[in-house]
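Please treat every number below as a calculation from the coordinates, not as lab data. Predicted model only: the values in this text are computed from it and were never measured. Positions of Cβ are backbone-derived with ideal geometry, glycine not excepted, and every protein chain shown enters the neighbour counts.
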Amino acid sequence: MTDKNPTTKSMDDIMALCKRRGFVYQASEIYGGINGFWDYGPLGAQLKKNLRDAWWQDVVMNPCQGKPGPNGQPVRIVPVDTCIIQNPKVWEASGHVGGFNDPMVDCRETKNRYRADHLLCIGEKGDKAGRMYVYIEANEKSYEAARKKLDKYKKRTLNDDEIDICSLTDLSADGLAISVGPDATEAGTLTEPRAFNLMFPTVIGATGDLEDNKAYLRPETAQGIFINFKNVVDTTRVGVPFGIAQTGKAFRNEVTPRNFTFRSREFEQMEIEFFCHPDEAKDWYVFWRDWRMSWWQEIGLAGDNLILREHDRDELAHYAKEGAGTSDIEYRFPFTAPGYGELEGIADRTDFDLKQHAEHSGLGDKLKYFDPTRGELAKNGQPKGERYFPYVIEPSAGLDRGVLAILCEAYTPDPDRPSKVFMKFHPRVAPIKAAVFPLVNKDGMPEKAAELHRELVKRFGHLGMIETDAKQSIGKRYARMDEAGCPLCFTIDGQTMTDNTITVRDRDTAGQQRIAMTDAGDHLAAALGL
RNA sequence: GCGGGUGUAGUUCAGUGGUAGAACGUCAGCCUUCCAAGCUGAAUGUCGUCGGUUCGACUCCGAUCACCCGCUCCA
């Protein structure tokens, strides 16, 4: 007996299977890879497409699967597909250019990293050459430690009015050299503050002058929706409350890409920006939060590994401070366990973004929405209408993270079956929907299998792959399908030749039943929930 | 960015300062009437990359890249 629990999922094993079966490859692998980028192989590409299609179907084509919104009306969503590169002013308005260059400071002695704008330093008033001690803002313990160290250095107890406090970011290089880090004992171990801008710069135009023609790859798809809000309202017969949805790539220069595809520098988002009257924001926030949670459960993340977590007030993003709240739908990945990693965030962004774009674009109140259903009643009994910036509820999901969670959830070790592991994908997202096998490669069975295969491809090929394989033993073929996560295998055997029945093998139970070959399509349709 | 670990076939891993191995998988053929069966055969690696030491480096040294873990960060 080994002490390794066979039901424990190892990320290394999952990654090995992803490579072996063609779900995920390292990007640029033959050149040594590239940090923070991953490619999808044949099965991974189809899995990802299936998840994206499921989202599109349930969000855009049939919003919330027909579930009415908190106002009792059908939920209305329209799609857009906006550019990865926008006018750089978009990112100034959104706050991405100016607001998020958090300068960081590393300590060479303690190996700790701090946000430079959270560090203050103290020293004796008027003392330009003596040591200064750095502490963390609003951290009582850190401050007291710094005071203690300063007193010890001065060999006396200093009064409050003998002390100068300044921000670390205001220090010169000389000042840094005489400063002692919050947890350090020596001076000069802090590096100069380094700025991190998480947006990918790029150059527009063939001359390639970065400074004059600088643009950015979008760090989120959301802004493409906000800047088209007026266009959509003006050209589509939608009115608040309604949502705009979009899927697409986004790019972030992550400080530390980690954990397989979880924190990639290039990734795909599935975002809804749902516009509603400020008075109704809370209701819509709750509605979207709960429906999105149930959607992920329905798509196959049904167990304890999925949680809904409401954010604490102090971890809210800049745009959500005034809103109804933010919650995360989080999955317990093998690499986060016992903790969780974010799959989707549902945030009340308030009217922050629309107001920002109203201001930066110069459109001002023209970007307000005119709501003819609100306002005081006129003499004829009709509402006079109300102009306002709608509040926005944003359910923003990571497609690649969803795929990764599905891969982890589906990975099911089973020492009793030949493959030792199978991928228990929900049939809706499974890249291979079914396989058709002749039991042996002779006696008319291959022809019969080809016939059924053609039929199933014609009916189900738009949903995923339909495989067929006549080589090697039937057990080996079943085992391969188990690792690929194919939910059903149809097998033509000797009996098929006499009574036109076939066997259906279920991936999860490995059990079989015999059905009429003409029922195979309906059987698959039922398994796919069609 | 810092610290630790790892890097040899598609995968999991041996290996030794002197011409590169196993298992599984893959492919082909035979066989095969239901779970990686059997038999025969085949392909596959610039031993992550670059440089250095050496008569000779997969092995020792340096750098670099990538992945994993911890810290940090995450609009």
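Quick check: pseudo-label points 7 Å beyond the Cα along Cα→Cβ at A:Ala378 and A:Arg309, how many nm apart are they?
It works out to 5.2 nm between the two label points.
Evaluate the relative contact order of chain A (contact order divided by residue number), counting alpha-carbon pairs under 8 angstrom at least 6 apart; express in whole percent. Provide the component values of the computation, followed by the final result.
Numbers: 987 pairs, mean separation 67.3, N = 530.
Relative contact order for chain A comes out at 13 percent.
Taking just the C-alpha trace of chain A, give me its Rg and Dmax in Å.
Final numbers for Rg and Dmax: 29.2, 102 Å.
Roughly speaking, what is the centre-to-centre gap between region A:390-452 and region A:364-381 when only Cα atoms are used, to the nearest Å?
Going from one Cα centre to the other spans 51 Å.
Apply the Karplus parameterisation 6.51 cos²θ - 1.76 cosθ + 1.60, with θ equal to phi minus 60°, to every residue of region A:252-260 and state each ³J(HN,Hα) to the nearest whole Hz, in sequence, with x for glycine and proline.
9, 7, 4, 4, 9, x, 7, 6, 6
Stretched out fully, how many nm does the piece from A:Ala206 to A:Val97 gain, at 0.36 nm a residue minus the Cα gap? Don't skip to the end; give the middle numbers.
Numbers: separation 109, 0.36 × 109 = 39.24 nm, distance 2.35 nm.
Gain on extension, A:Ala206 to A:Val97, equals 36.9 nm.
Straight-line reach only, C-alpha to C-alpha below 14 angstrom: list the aspartates and glutamates that A:Lys141 could link to, leaving out same-chain residues fewer than 8 apart.
Answer for A:Lys141, where 14 Å is the Cα cut-off: A:Asp183, listed by chain and number.
Taking H as built 1.01 Å from N, whose amide H comes closer than 5 Å to the amide H of A:Arg374, not counting residues under 5 places away?
Answer set, sorted by chain and number: A:Gly385, A:Glu386.
Which pairs break 27 Å Cα to Cα here: A:Lys19/A:Lys424; A:Lys19/A:Lys448; A:Lys128/A:Lys148; A:Lys49/A:Lys442; A:Lys19/A:Lys420? Could you put the intermediate results ahead of the total?
Numbers: A:Lys19/A:Lys424 17 Å; A:Lys19/A:Lys448 33 Å; A:Lys128/A:Lys148 19 Å; A:Lys49/A:Lys442 36 Å; A:Lys19/A:Lys420 17 Å.
Long pairs (Cα-Cα over 27 Å): A:Lys19/A:Lys448; A:Lys49/A:Lys442.
Once the piece of chain linking A:Asn213 and A:Asn87 is laid out straight, how much longer is it, given 0.36 nm per residue of separation minus the C-alpha distance between them?
Details: separation 126, 0.36 × 126 = 45.36 nm, distance 1.05 nm.
My answer for the length gained is 44.3 nm.
Among rounded, prolate and oblate, which fits region A:376-462 when a ≥ b ≥ c are the square roots of the eigenvalues of its C-alpha gyration tensor, a/c under 1.5 means rounded, and a/b larger than b/c means prolate? Show your work: numbers first, answer last.
On the way: a/c = 6.23, a/b = 2.26, b/c = 2.76.
Cα axes put region A:376-462 in the oblate bin.
Report the calculated FRET efficiency for A:Lys476 and A:Ala45 (r = Cβ-Cβ distance, R0 = 35 Å), to the nearest 0.05. Numbers along the way, then the final one.
Numbers: r = 25 Å, r/R0 = 0.71.
Using R0 = 35 Å, I get an efficiency of 0.90.
May I ask you to evaluate 6.51 cos²θ - 1.76 cosθ + 1.60, the Karplus curve with θ = phi - 60°, for each residue of region A:501-510 and list the ³J(HN,Hα) values in order in whole Hz, giving x for glycine and proline?
10, 9, 9, 10, 9, 8, 4, 6, 10, 6
Under 20 Å from the 7 Å Cα→Cβ point of A:Ala145, by amide nitrogen: which residues of region A:117-134?
Zone members listed by number: A:117-124, A:131-134.
Determine, from the Cβ-Cβ distance of A:Asp117 and A:Trp56 and an R0 of 45 Å, the FRET efficiency 1/(1 + (r/R0)^6), rounded to the nearest 0.05.
On the way: r = 41 Å, r/R0 = 0.90.
Result of the calculation: an efficiency of 0.65.
Are there any chymotrypsin sites (Phe, Trp or Tyr not before Pro) in region A:1-84 that are in a DSSP loop and have at most 15 other Cβ atoms within 10 Å? List them by number. The partial results should precede the final answer.
Working: sites: A:Phe23, A:Tyr25, A:Tyr31, A:Phe37, A:Trp38, A:Tyr40, A:Trp55, A:Trp56; in loops: A:Phe23, A:Phe37.
Passing sites in region A:1-84 are A:Phe37.
Please give the FRET efficiency for A:Thr498 paired with A:Lys366, using the beta carbon to beta carbon distance and R0 = 56 Å, rounded to the nearest 0.05.
On the way: r = 76 Å, r/R0 = 1.35.
Efficiency, from the Cβ-Cβ distance: 0.15.
Starting from the Cα-Cα distance between A:Glu162 and A:Asp414, subtract it from 0.36 nm times their residue separation and give me the gain in nm to one decimal.
Values: separation 252, 0.36 × 252 = 90.72 nm, distance 6.99 nm.
Computed gain between A:Glu162 and A:Asp414 is 83.7 nm.
Using the Cα gyration tensor of region A:420-505, with a ≥ b ≥ c the square roots of its eigenvalues, what is the shape: rounded (a/c below 1.5), prolate (a/b larger than b/c) or oblate (neither)?
Numbers: a/c = 2.18, a/b = 1.39, b/c = 1.57.
It comes out oblate by the Cα gyration axes.
Highest mean first, how do A:233-243, A:398-408 rank when packing is the count of other Cβ atoms within 10 Å averaged over residues? Don't skip to the answer; put the middle values down first.
On the way: A:233-243: 16.2, A:398-408: 24.1.
With the highest mean Cβ count within 10 Å placed first, the list reads A:398-408, A:233-243.
Students often forget the sequence filter, so: which lysines lie under 19 Å Cα-Cα from A:Lys230 once same-chain residues fewer than 8 apart are removed?
Here the lysines satisfying the reach criterion relative to A:Lys230 are A:Lys89, A:Lys355, A:Lys366, A:Lys368.
Could you give me the ³J(HN,Hα) list for region A:176-187, computed from phi with Karplus coefficients 6.51, -1.76, 1.60 and θ = phi - 60°, whole Hz, x at Gly and Pro?
Once rounded to whole Hz, the list reads 4, 5, 9, 9, 9, x, x, 10, 9, 10, 9, 8.
Which of A:Lys249/A:Lys282; A:Lys48/A:Lys471; A:Lys48/A:Lys433 have a Cα-Cα distance over 24 Å? Display every interim value, and only then the final one.
On the way: A:Lys249/A:Lys282 29 Å; A:Lys48/A:Lys471 28 Å; A:Lys48/A:Lys433 14 Å.
Check vs 24 Å cut-off fails for A:Lys249/A:Lys282; A:Lys48/A:Lys471.
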